[in-house]
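Have a look at the structure below, then the notes.
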Ligand code: SLL
């Protein structure tokens, strides 16, 4: 690892959104046939990945990712080197679920130590309710278990700070001189203009405005989530109020009964 480059930028925190998780599919003659050579007891194909939100490049801060799979899998510790604009990913086949250890190695300019994440490989539809499980089944049996995460860089070194902040150029404009832009990727992005509609800028902390197929994390999702939380809070407040009222009534009743008992005791004593 390179020695710390220069000074830290005091009082600055920079975060970058990313997604990690697994996507699994059961083998199926029509939609997901088992490739030759795959053992008989394997029931699913699956992929574990770390990638930028909206598939934006993250290799300018994340250099390599080590995936530690279950020991039953040949060569179960795998290092994946970053390739610009591509997700860090491993695809496998198997029969069982297990915990995957994901170790993030940052670019040397960051002088950051590696960090570990854990992800449970899901092969089977999951959810709290049958409805949630059914929603998973509908998508061609594909089981998606993805997590949105934000990588925080606290007081980054100056050189790294420059790397982190030298982009934020709209993909369609980036060939006009963004420092972080590379010709090949621009050409690619220009062929896919839909990527930038409500999408995120390179080397930014943005998240997309709206959901699109395969891109479930957006401001839209966030708003829905906030709404759900607000509704839950209103419900809890209502329940708390109701419960307080019930307690108050019961306490009044208790006072009444106590007074009755005292009266009865006094009458008996007389
Ligand atoms: C279970 N605790 O019992 C888990 C272990 C192991 C999964 C799951 C083997 C793949 C291969 C495979 O799927 N292992 O042989 O390449 O459910």
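Of everything in the stretch 85-110 that's part of a loop (DSSP other than H, G, I, E, B) and at pLDDT 95 or above, which residue is farthest from the ligand (Cβ to nearest atom)? Looking at residues that are part of a loop (DSSP other than H, G, I, E, B) and at pLDDT 95 or above, I get 107.
Check the stretch 130-139 and report whether any residue there is more than 21 Å from residue 218 (Cβ to Cβ), without any contact (Cβ under 8 Å) to a residue 60 or more places away in the chain and surrounded by 12 or more Cβ atoms within 10 Å (Cβ to Cβ).
As a first pass, look at the stretch 130-139 and keep what is more than 21 Å from residue 218 (Cβ to Cβ): 130-131, 133-134, 137.
Now drop any that are not without any contact (Cβ under 8 Å) to a residue 60 or more places away in the chain, which leaves 130-131, 133-134, 137.
If we keep only those that are surrounded by 12 or more Cβ atoms within 10 Å (Cβ to Cβ) too, we end up with 133, 137.
Scanning the stretch 130-139, I find at least one residue that is more than 21 Å from residue 218 (Cβ to Cβ), without any contact (Cβ under 8 Å) to a residue 60 or more places away in the chain and surrounded by 12 or more Cβ atoms within 10 Å (Cβ to Cβ), so the answer is yes.
Cβ-Cβ contacts under 6 Å between residues 6 or more apart (or on different chains), taken from a first residue in the stretch 43-72 that is closer than 27 Å to residue 157 by Cβ to a second residue that is away from the ligand (no atom under 16 Å from the Cβ) and in a helix (DSSP H, G or I), are listed as 60/163.
To keep it simple, each residue is scored yes or no on (1) within 16 Å of the ligand (Cβ to nearest atom); (2) under 20 Å from residue 23 (Cα atoms); (3) in contact with a helix residue (DSSP H, G or I) (Cβ under 6 Å, 6 or more places away or on another chain).
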position: 43; (1), (2), (3): yes, yes, no
position: 46; (1), (2), (3): yes, yes, no
position: 55; (1), (2), (3): no, yes, no
position: 60; (1), (2), (3): no, no, yes
position: 67; (1), (2), (3): yes, yes, no
position: 79; (1), (2), (3): no, yes, no
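Counting just the residues of the stretch 217-270 that are free of Cβ contacts under 8 Å to residues at least 40 places away in the same chain and not in a helix (DSSP H, G or I), which one comes out surrounded by the most Cβ atoms within 10 Å (Cβ to Cβ)? Only one residue fits best here, namely 218.
The values are calculated or read from the model by the stated rules, or taken from the named source; none is laboratory data. Here the structure is a predicted model, which means the values were calculated and not measured. FYI the Cβ positions are ideal-geometry reconstructions off the backbone, even for glycines, and counts take in every protein chain you see.
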